[in-house]
Amino acid sequence: MSSGVCLRVLRAAGSPPAASSGSWSRVRLPADPRHAPRRGLSASGRGGTMNVFNREMKKKQKEWAASLRDGDQFDYLRDEVGGRVADRVYDIVRTFPLALDIGGGKSHIAGHLSKKQSRRSEIPTHRLLADEEFLPFKENTFDLVVSSLSLHWINDLPGALRQIQQVLKPDGVFIGAMVGGETLYELRCSLQLAETEREGGFSPHVSPYTAVTDLGNLLGRAGFSMLTVDVDDVQVNYPGIIEVMTDLQGMGESNCAWNRKSLLHRDTILAAEAIYKEMYGNEDGSIPATFEILYMIGWKPHESQAKPAKRGSANVSFGDLSKISQPTNTNTS
């Protein structure tokens, strides 16, 4: 089942063809009971993999968002995260003749890479419509793979990471960003409390996301080495809960879990609005929405990479460090 994601192949100039509106802050809000659902470990669906998301529904949501005439006004989060991914690419002192951008969309990463070049020239690109869960490329093809805010809608995330590792050349690097498990905890908690009060129970209205504590393990199991995982909290202020939901729709980021409840009663929304403002509201009457962004960097193993010493090869014990005397000053006046 294709999600219709845009894969963008970025080629450095002169390289040979391959073989085959919000305010931002980094401040985390005080912790509250969030009851945040995570992706379960139980297997279901095809091939024993998890089947959490309705991929066909997500495809329709993305197509609807892309058809909006004023869709650019909803790109603020993708532009911000795309710029931060591009910064991580430039932190690596290396050129990448051939790169793959999974979920390239409106060039949220490539646009920032072009702006940062010393010579202002557009990076040659080729677009391909495919499925992130089934990459149509041969092994050892790309020097760099990047992805920004696309992988969190994949059912088989471990399988997708393994495919990314396979299409990389040895010593190639994967740099990605995805939504983390603490995202929109204010909205999730407000809806749960309001629905419990008004309807006697609640259903998940915010999709489950991967926890940061699981990401490093997933990258290691996929075969990556020299891993780096870090977290950024991006906070956006909105006038009210309706504006939060409207922007999520405009981003194509509405819930598409199979167990979602498609209808929210008016009374529940009004109650959720009041709870949201009471628990998390700002002094100016606006409400914050927190997006937890997980950034990951993983390298495909190569013999040139630094490796840890063998266990037991040390010739100095930590216990002996205390016995080392401080050097004395032998100089005389």
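General remarks:
- Sorted peptide list for 106-112, 263-269, criterion being average Cβ within 10 angstrom, highest first: 106-112, 263-269
- For the range 144-222 and the range 244-300, distance of Cα centres in Å: 15 Å
- Nearby lysines by direct alpha-carbon distance to K323 (threshold 28 angstrom, same-chain neighbours under 8 apart not counted): K310
- Whichever lysines have a C-alpha closer than 21 Å to that of K307, once near sequence neighbours (fewer than 8 apart) are set aside: K169
- Among the protein heavy atoms of the range 136-277, carbon and sulfur supply 52% of the accessible surface, probe 1.4 Å, non-protein parts ignored.
- For D171, residues with placed amide H under 5 Å, excluding near neighbours: K300, H302
- Lysines whose Cα lies under 27 Å from that of K277, excluding same-chain neighbours fewer than 8 positions away: K261
- Shown in residue order for the range 130-142 are the 3J(HN,Hα) couplings computed by the Karplus curve 6.51 cos²θ - 1.76 cosθ + 1.60 at θ = phi - 60°: 8, 10, 4, 7, 9, 6, x, 10, 6, 5, 6, 9, 10 Hz (x for Gly and Pro).
The values are calculated or read from the model by the stated rules, or taken from the named source; none is laboratory data. Here the structure is a predicted model, which means the values were calculated and not measured. As a convention, Cβ positions derive from the backbone with ideal geometry for all residues, glycine included, and neighbour counts pool all protein chains shown. SASA here: full protein model, heavy atoms, side chains in, ligands and nucleic acids out. Shrake-Rupley method; radii C 1.70, N 1.55, O 1.52, S 1.80 Å.
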